[in-house]
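Report on the structure given below.
The values are calculated or read from the model by the stated rules, or taken from the named source; none is laboratory data. Source: prediction; values computed, not measured. Using ideal geometry, Cβ is built from the backbone for each residue, glycine included, and neighbour counts are taken over all protein chains shown. Keep in mind that these areas ignore ligands, DNA and RNA; they rest on the heavy atoms of the full protein, side chains included. Shrake-Rupley method; radii C 1.70, N 1.55, O 1.52, S 1.80 Å.
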Amino acid sequence: MTSKQKGILCITASSFFFALMNLFVRLSGDLPAMQKSFFRNAVALIFAAVLLFRERPSLSLTPKSKRDLFWRALFGTVGVLCNFYSVDHLVLADASMLNKMSPFFAVLFAIFLLKEKPSRFQSISIFIAFLGVLCIVKPTGNLNLFPAFIGLMGGVTAGAAYTYVRSLGKQGVAGPFIVFFFSAFSCIVLLPFLVLDYHPMTLTQLGILLLAGLSAAGGQFTITAAYCYAPAREISVYDYFQIPFSALLGFLVFGQIPDWLSWIGYAIICTTAVAMFLHTTQQTNDIYQQKGGS
């Protein structure tokens, strides 16, 4: 299996884990976004620490990798907070649409930060996939300006964070350490807010938030691995699988049945993802054949 194919599998897995995370966050009830975010990252921190202790990867950080780690952690923390805030203050469909702008920004940031220019086919694929997203989330058009701006900033900062993950992967920084640094940074930043505005929780809420944290940890590890394996321009389209996964979980847990526009969106996203996969595989095979024939 090539690095690109591994990246595709990892980002698809991350989409499922993040869909689970959103489900559990929704089930946890009316709690502050800061509190939800802290538990989300605390569980990931524990898992990353255990993996680092077991694997003990070699760690040699250059000044550039230290800067990239800081920016990845900062943008990632802001992205999580913006996402939770927009979910709490907007229609869920509108918040989802704004958050799903992150793959676009990941490709955009990669152009300037990593000099990874997308091909015409990749650019068209991402645009078509986004049309599928619009069919599913069906934004109402009644966006409140400030929450909408915050939601959009969540997409921007998440895209930037994933670009720095890709940069760190190219520099050889281990995935578990990237997750550990981000999670520790987030917990340290959020701890004062948690202490000052802590809302008592039931055991059920605590358990659900821990499950949200476990799901977030799974998503964080797999998406970190994905962007370490492959460039954003080649795999970011698969991040849209989170929406069909969310629809399936919504049906199983809440009995929600998507309408016909949603099914059209799912078909567009899945077809585009398959086309992107076949295109990437064909390019890889062509490169191998050229090398073998030379």
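Side notes on the structure shown:
- Boolean, residue 107 is under 23 Å from residue 238 (Cα atoms), at pLDDT below 90, open to solvent by 40 Å² or more (accessible area, probe 1.4 Å) and over 12 Å from the mean Cα position of the chain (by Cα): no
- Scanning segment 13-30 for residues that are touching a Phe, Trp or Tyr at 6+ places or on another chain (Cβ under 6 Å) and crowded, with 21+ Cβ neighbours inside 10 Å returns 15, 19.
For (1) within 28 Å of residue 6 (Cα to Cα); (2) open to solvent by less than 20 Å² (accessible area, probe 1.4 Å); (3) in contact (Cβ under 8 Å) with a residue 40 or more places away in the chain; (4) polar (S, T, N, Q), each residue gets a yes or a no:
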{"position": "208", "(1), (2), (3), (4)": "no, no, yes, no"}
{"position": "211", "(1), (2), (3), (4)": "yes, no, yes, no"}
{"position": "227", "(1), (2), (3), (4)": "yes, yes, yes, no"}
{"position": "234", "(1), (2), (3), (4)": "yes, yes, yes, no"}
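- Which listed residue, of 236, 215, 246, 262, is out of contact with any Gly (no Cβ under 9 Å at 6 or more places or on another chain) and at pLDDT below 80: 262
- In segment 34-49, the residues that are open to solvent by 40 Å² or more (accessible area, probe 1.4 Å) and over 17 Å from residue 221 (Cα atoms): 34
- Of the helices (runs of 4 or more DSSP H) contained entirely in segment 29-126, those carrying at least 2 residues that are on the phi < 0 side of the Ramachandran plot, touching an Asp or Glu at 6+ places or on another chain (Cβ under 8 Å) and of a type outside the set (Ser, Thr, Tyr) fall at 33-55, 102-113.
- Pair list, Cβ < 7 Å and 6+ apart or interchain, from segment 1-30 residues that are over 23 Å from residue 251 (Cβ atoms) to residues that are aliphatic (A, V, I, L, M) and outside any helix (DSSP H, G or I): 3/230; 4/230; 7/230
- Those residues of segment 181-205 which are surrounded by fewer than 22 Cβ atoms within 10 Å (Cβ to Cβ) and in contact with a helix residue (DSSP H, G or I) (Cβ under 8 Å, 6 or more places away or on another chain), in sequence order: 181, 184, 185, 187, 189, 191, 193, 194, 197, 198, 199, 201
- From the options 239, 259, residue that is farther than 23 Å from residue 166 by Cα and among the acidic types (Asp, Glu): 259
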